[in-house]
Amino acid sequence: YLGVSRMFKFVINSSTTISSNKYLKTFLNIWYSYVCDYLHLLLKDTQQDMVEKLIKAKKNLTLIMQKYMDSHSEVEFKLREAFRTSLHSSNKDSEILSKLLKYIDNFFKTVDPSNTEDNLKVVDDIYLIFKSVKTKATFIKQYQRDLSRRLIIGVSKDKDLEKSLISKIRNEVGDEDSKPLLTMFDDLQINETVASTFKEK
């Protein structure tokens, strides 16, 4: 990655706009290939938790991008594109989907609500993997089941954080597919209001 980083600095410091744009396009293709190769090797090893590995890889690549590539918008876009391509071509969609749902369920059951900034970063990482999964309809159906269980039993540690993830999911799949998830929170609020009114009377 140091070689890739040095190449980025060379491109950005190119003397003319024309050569800079030309070299940047070449660099973005190299960066894309680097990320795809990195993730391909990572997904070969199924011994460890795949989602944990993907999130750790995302953090590592983001750090490289921030430290050596000034969080360049086109570099970041290529990173996301490479993630999506790598996961699609891995032929492990169902395995990733299953482990992602387990990771999410455990995350919301154990999360510390006081660590807002770190929690939102994890939500962003979860969302990136979700965007890279092909079977989004299957994910939403199973996620709805898990969310319902967490809300009914009362084991979700941060409902606002849950809503934050659902909001991102809605941006990806639209209002119609995400509506059942948001409706659960409305129903829960109505139930709490009715129960409170009943107790008062």
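The values are calculated or read from the model by the stated rules, or taken from the named source; none is laboratory data. Keep in mind that what you see is a predicted model, and the values were worked out from it rather than measured. Heads up, the Cβs are rebuilt from the backbone with ideal geometry, glycines too, and the neighbour counts pull from every protein chain shown. Side chains are part of the model used for accessible areas, which takes the heavy atoms of the whole protein and leaves out ligands, DNA and RNA. Shrake-Rupley method; radii C 1.70, N 1.55, O 1.52, S 1.80 Å.
Our estimate of slack between N21 and K102, defined as 0.36 nm per intervening residue step minus the Cα-Cα distance, is 24.9 nm. Phi-derived couplings, Karplus 6.51 cos²θ - 1.76 cosθ + 1.60 at θ = phi - 60°, listed residue by residue for the stretch 74-86: 6, 5, 5, 4, 5, 4, 5, 5, 5, 4, 4, 4, 5 Hz, with x used for Gly and Pro.
Using a probe of 1.4 angstrom and keeping all protein chains present, the accessible surface of the stretch 34-157 works out to 52 square angstrom per residue.
Shown for the stretch 68-117 is the translational diffusion coefficient from the Stokes-Einstein equation, using the Kirkwood radius over Cα pairs, a temperature of 37 °C and a viscosity of 0.692 mPa s: 242 µm²/s.
Pair-distance distribution of the stretch 47-146: all C-alpha pairs, bin width 10 Å, starting at 0; shares per bin in whole percent are 14, 46, 33, 8, 0. Which pairs, out of K53/K121; K44/K102; K157/K199, put more than 18 Å between their alpha-carbon atoms? Beyond 18 Å between Cα atoms: K44/K102; K157/K199.
Placing +1 on the Cβ of every Lys and Arg and -1 on the Cβ of every Asp and Glu, with nothing else charged, gives the stretch 14-133 a dipole about its Cα centre of roughly 300 debye. The 3J(HN,Hα) values that the Karplus relation (6.51, -1.76, 1.60; θ = phi - 60°) gives for the stretch 30-36 are, in residue order, 5, 4, 4, 5, 4, 5, 4 Hz. Gly and Pro appear as x. Roll a 1.4 angstrom probe over the protein heavy atoms and tell me the percent of accessible area of the stretch 73-177 that is carbon or sulfur. C and S atoms contribute 45 percent here. A simple spin-label model places pseudo-atoms 7 Å from Cα toward Cβ; at L41 and N29 they are separated by 2.3 nm. Extents of the chain, largest first, come to 77, 35, 31 Å (Cα atoms, principal axes, whole angstrom).
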